[in-house]
Amino acid sequence: MVRVAALPRLLAARIVGHALTFVARFVIAVRADWRGIEPVPRQRVYFANHVSNADMPILWSVLPSALRRRTRPVAAADYWLKTPLRTFAGRDVFRAVLIDRRPEARTEDPMARILETLDEGSSLIIFPDGKRNMTEDPLLPFRAGLYNMGRARPEVDLVPAWIANLNEVMPKGEVIPLPLICTVTFGAPLHVGPDEGKDAFLTRASAALAALAPPRPDDIR
Amino acid sequence: MSDTTSDILLLSLGVITLLVALTLFGEVMRGRLPVGQTNPVVETFMQRVHSWWAIVVLLTLATLAGEIGLLFLFGFVSFAALREFLTFAYKRKADHLSLALAFFVILPLQYLFVGMGWTGLFAVFIPVYAFLLLPIVSALRGDANRFLIRVAETQWGLMISVFCISHVPALLSFAPAGDRSILLILFLVMVVQIGDLAEYYCGRRFGRTRVAPGLSPKTVQGMVCGVLAAAATGALLHWTTPFGPGWAAVLAAVASVTGMFGSLVFAAIKRDKGVKDWSHLIPGQGGFLDQMDSVIFAAPVFYHLTHLIWT
């Protein structure tokens, strides 16, 4: 039940969401490459590489709108609740599941929030690297969250999604974004095996995600 | 209604009639298939025809809007083409500022010079000043890793996507044609595209000798057909230009053959970069660069020839 007083905010969030999607498609020309799965409304956890703050909006806006409405990104509360504008974007536009990264400030168990959101029927977007990857390596070691979700809700598809080119659009320290074409490649879904350990699964998930990356431009003959 | 406007509408009507015929042809081919089946060749054909509809409608509207409309249309095409080219170009973090300058300063300035009719500046701005400035900006960051490859690919992108494409709206300042110079743009685009279509069709029907084996399916026979078709179209459309049928045919033929070799050059670049299409923004055709490759090469040659023949 939506309260009438909340309507203008809801409407504004919808408009901003559509505007963002439009800019992403028109300026950065983001494109989805559905290599391992079809864009159908199944419950999924999309897990992606994290190099830039624009990762989440890009992945979010590349989803077809029917899927986007049922997909919620998992994001850091300390980042998204910092200013009123960010709160509006995080809470109302992206409808993010906000998790506090500082254990000492937490009032509830983040995994419980995440599982609760999955039980509502929402799909999720997560970045298992945990923080932005500033290294030359394609991926940082994965956090355990992905494994815990896969173990607790084995029927949900865990879908790797590689976001290509975004680190060239806006490398760290640069202010002006370049309008280069970004591609998001979706791979085949994974599930935690019946007696697969945490490390084995996370290694497998990381490899499945890294395998979607296009060849690096360094490979010049 | 002025003469120019009615001529634009007449040309569009001709093209629209052609497109209606192609659409009907595609729908009949679809209808002949058993219910529930699709033929991939027919579907690709229809996708292309639909993209053609969008292009013709956009070009007609921009032309009717006049100089500003065409500047914005081709400015956007340049932007989209540069975006595709630089996505695959070799670049490092040190190039970030020079690439941003290319997109947000050099491209708009080039179109401003075209719009103001400053032909002297427009002809040297990218080949001289951008050519000198951008490597300086990149070098200031102190990263020498594959420096020459980086600056060369950026410059190539600018030359192709901005310098060459801006020669299409630059035809507007062709003084002898007066306000009919707008029709020269439609003339150029039509003869090049019809030449390409004829080249593709004839090459498939009776093409034998490959022009560049291993690079492109283009054949000598197909290209000869295409150039002849372009010349014939040029002669037919000579009333849109200040030239007689003979010169119109020669101009069309030269533009068309340059365009075909241009698309051969693009085939080599794509093969080198390991991509099939530059992007997927135009359904059935690939990217803007795939659609524009022949016009890109034809435009500067056509621009200079029109000026040369007239004087």
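The values are calculated or read from the model by the stated rules, or taken from the named source; none is laboratory data. This one's a predicted model, so the numbers in the text were calculated from it and none came from an experiment. Ideal geometry is used to build each Cβ from the backbone, glycine not excepted, and the neighbour counts take in all protein chains shown.
For residue B:161, indicate whether it is free of Cβ contacts under 8 Å to residues at least 12 places away in the same chain and either within 13 Å of the chain's Cα centre (by Cα) or surrounded by 18 or more Cβ atoms within 10 Å (Cβ to Cβ) (or both). No, not satisfied. Scan region B:268-283 for residues that are over 13 Å from residue B:293 (Cβ atoms) and assigned to a helix (DSSP H, G or I) and the total you get is 3.
Whether a residue is without any contact (Cβ under 8 Å) to a residue 60 or more places away in the chain, in a helix (DSSP H, G or I) and hydroxyl-bearing (Ser, Thr, Tyr) was assessed, and residue A:117 passes this test. Apart from one condition, residue A:93 fits all of (1) surrounded by 13 or more Cβ atoms within 10 Å (Cβ to Cβ); (2) closer than 21 Å to residue A:146 by Cα; the exception is (2). Under the condition of being surrounded by fewer than 20 Cβ atoms within 10 Å (Cβ to Cβ), within 14 Å of chain A (Cβ to nearest Cβ) and closer than 17 Å to residue B:153 by Cβ, the residues counted in region B:264-305 number 5. Filtering region B:228-239 for residues that are within 20 Å of residue B:7 (Cα to Cα) and in a loop (DSSP other than H, G, I, E, B) leaves a non-empty set.
Okay, residues lined up against (1) surrounded by 22 or more Cβ atoms within 10 Å (Cβ to Cβ); (2) touching a Cys at 6+ places or on another chain (Cβ under 8 Å); (3) within 14 Å of chain A (Cβ to nearest Cβ); (4) modelled with pLDDT under 90:
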| site | (1), (2), (3), (4) |
| --- | --- |
| B:43 | no, no, no, yes |
| B:49 | no, no, no, yes |
| B:60 | no, no, no, yes |
| B:67 | no, no, no, yes |
| B:76 | no, no, yes, no |
| B:79 | no, no, yes, no |
| B:83 | yes, no, yes, no |
| B:92 | no, no, yes, yes |
| B:99 | yes, no, yes, no |
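Across region B:118-132, the number of residues qualifying as in contact (Cβ under 8 Å) with a residue 12 or more places away in the chain and either among the β-branched types (Val, Ile, Thr) or surrounded by 14 or more Cβ atoms within 10 Å (Cβ to Cβ) (or both) comes to 6. Within the option set A:47, A:22, being surrounded by fewer than 16 Cβ atoms within 10 Å (Cβ to Cβ) and either closer than 30 Å to residue B:283 by Cα or at pLDDT 85 or above (or both) holds for one residue only, A:22. Elements of the type helices (runs of 4 or more DSSP H) sitting completely within region A:1-105 and holding at least 3 residues that are without any contact (Cβ under 8 Å) to a residue 24 or more places away in the chain: these cover A:7-26, A:84-87. Filtering region B:7-29 to residues that are surrounded by 15 or more Cβ atoms within 10 Å (Cβ to Cβ) and farther than 30 Å from residue B:181 by Cβ leaves B:23, B:26, B:29.
Yes or no, residue by residue, for (1) touching a Ser or Thr at 6+ places or on another chain (Cβ under 8 Å); (2) of a type outside the set (Val, Ile, Thr); (3) part of a helix (DSSP H, G or I); (4) in contact (Cβ under 8 Å) with a residue 60 or more places away in the chain:
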{"residue": "B:221", "(1), (2), (3), (4)": "yes, yes, yes, no"}
{"residue": "B:225", "(1), (2), (3), (4)": "no, yes, yes, no"}
{"residue": "B:252", "(1), (2), (3), (4)": "yes, yes, yes, yes"}
{"residue": "B:266", "(1), (2), (3), (4)": "no, yes, yes, no"}
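Exactly one residue out of B:268, B:212, B:252 is of a type in the set (A, V, I, L, M, F, W, C) and within 30 Å of residue B:180 (Cα to Cα), and it is B:252.
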